[in-house]
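Here is the structure we will look at, set down as structure tokens.
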Amino acid sequence: MSGAELLFAAFGLLAATAAFLAVGSRHVVHAALWLVVALGSLAGVYLVLGAEIVALVQLLVYVGAVVVLVLFALMMTRAPIGIRDDLFVGKGQRLAAVLAGVAVAGLLGGTLLVAVGDATVDPDTARGQAEPIGRAVFAAWALPFELLSLLLLAALIGAVAVSRGRQK
């Protein structure tokens, strides 16, 4: 096993662990921070695969914009961000959810092992470079890119409007 494979496995394990902690956290802000760790470790996976620009976009868009927008919306709407015991279910339902998640993961993993087997993948480092992605984004995808920025702006304005409440 090479160093790159070990680093890939470490980032993947960190992403999976942080994702489980984000889903299982009883505190909303802690869940958002674990989401930052999970998305940041995915950027590390992209770096190991040689897709530097994709890793940068992952950090800028998801960690830098989406998670910050979620935290900003939580703070602006004055939603209760502490631990809420009334939103949690019994241990039986939690155990059933964990078993269903493990079963789906096992089914997916088994299917991938049968379908792919011992095949190796050599990353195409030219596909993750800045030039082809820049040409694609600023040629054919410029309009959807700008519409996404307008959508995020509308969500920010909506969060401010909701937080202010009705004017008397």
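The values are calculated or read from the model by the stated rules, or taken from the named source; none is laboratory data. The model shown is predicted, which means the values in this text are computed figures rather than measured ones. Heads up, the Cβs are rebuilt from the backbone with ideal geometry, glycines too, and the neighbour counts pull from every protein chain shown.
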Could you check residue 68 against (1) surrounded by fewer than 16 Cβ atoms within 10 Å (Cβ to Cβ); (2) modelled with pLDDT of 80 or more; (3) under 26 Å from residue 150 (Cα atoms) and say which number it fails? (2)
Residues in region 152-161: is at least one surrounded by 11 or more Cβ atoms within 10 Å (Cβ to Cβ) and either modelled with pLDDT of 85 or more or within 24 Å of residue 41 (Cα to Cα) (or both)? yes
So residue 7, is it within 30 Å of residue 76 (Cβ to Cβ), surrounded by fewer than 18 Cβ atoms within 10 Å (Cβ to Cβ) and among the hydrophobic types (A, V, I, L, M, F, W, C): no
Pairs, first touching a residue at least 24 places away in the same chain (Cβ under 8 Å) in region 14-30, second among the hydroxyl-bearing types (Ser, Thr, Tyr) and assigned to a helix (DSSP H, G or I), C-beta under 8 Å, six or more apart: 14/41; 15/41
Would you pick out the residues in region 40-52 that are part of a helix (DSSP H, G or I) and modelled with pLDDT under 90? 52
Would you say residue 25 is surrounded by fewer than 17 Cβ atoms within 10 Å (Cβ to Cβ), modelled with pLDDT under 85 and among the polar types (S, T, N, Q)? yes
Within region 111-134, which residues are modelled with pLDDT of 80 or more, charged (D, E, K, R) and surrounded by 10 or more Cβ atoms within 10 Å (Cβ to Cβ)? none
Reported set for region 1-39 where residues are outside any helix (DSSP H, G or I) and closer than 19 Å to residue 98 by Cβ is 25, 26
Please name all residue pairs, on different chains or six or more residues apart, with Cβ atoms under 9 Å, provided the first residue is in region 141-166 and is touching a residue at least 12 places away in the same chain (Cβ under 8 Å) and the second residue is charged (D, E, K, R) and not in a helix (DSSP H, G or I). 163/78
